Amino acid sequence: MTTTQRLLTLAACLCLAATAASANVLVETDFETTANWYFWDGASVESWAGYSGGSGGNGMIFAGWSTGGGFYQDYANSAVGAMYTFTIQGGPSWDWERTGADIEVYIDFMDSGFNSLYKEFITPDNIGLTDNWALQTVVATSPANTAVVRVGANYTVDPVGTGAYRFDDASLVDTTAIPEPGTLFLMATGAIGLVLRRRRSR
């Protein structure tokens, strides 16, 4: 294999590595099956709750007439100092705004004993806007001793409330700064050009 061929092969490998590093690490992200999701109390999967712009028909709901609930999924392969981005579509349905619900969408970094080391969360800002979906995003960096990254949502409500809040299309991505595949390819092809130029000048 020539030097040029080696460099082209390296460029292709770097592009593939960059793509893999930005892949969604969650399983069953559209809630069509729930074997890898844990949920409790007022949280449940419903066929009518899917995000219309996403894949599949199911979605996770928080029922406003219950006393609370939540759901999560664990990712047990975290590198210390990695930056993670958790995104999920969320939207109220019916009269959820009347429940006075407190919702947290979160990333929770845990040690090997499932003790929380650091938790970053947001409260969805579209509560009260019935049937209005919005992308909920949480970004956080894993601290030392992280063994598990847990992502999900939970809530507490006034049991006299009604309505539902829906979730669908979850994603957890390691967004630690790495060059884009296109940038890596340009760097590699630039190196090829430099090698060829030096060879011609000899």
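Here, each number is a calculation from the coordinates, and none is a lab measurement. Just so it is clear, the structure is predicted and the values come from calculations on it, not from any experiment. When we count neighbours, we look across all protein chains shown, and the Cβ atoms used for this are built from the backbone with ideal geometry, even at glycine.
Summary of computed values
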| read-out | value |
| --- | --- |
| Test item: Cα-centred dipole of the range 29-175, Lys/Arg +1 and Asp/Glu -1 on Cβ, debye | 140 debye |
| Net charge contributed by nearby residues that have their C-beta within less than 15 Å of Val80 (K/R +1, D/E -1) | -2 |
| Sequence of Tyr106, Tyr165, Tyr155, Tyr118 once ranked by neighbouring C-beta atoms within 10 Å, starting from the fewest | Tyr118, Tyr106, Tyr155, Tyr165 |
| Footprinting exposure proxy for Met83, Met110, Met60 (fewest neighbouring C-beta atoms within 10 Å first) | Met83, Met110, Met60 |
| Positive-end residue, the range 29-175 charge dipole about Cα centroid, Cβ charges, pick of Ala164, Ser47, Met60 | Met60 |
| Packing-based exposure ordering (other Cβ within 10 Å, fewest first) of Val45, Val151 | Val45, Val151 |
| D (Stokes-Einstein, µm²/s), Kirkwood Cα radius, the range 29-175, 1.306 mPa s at 10 °C | 104 µm²/s |
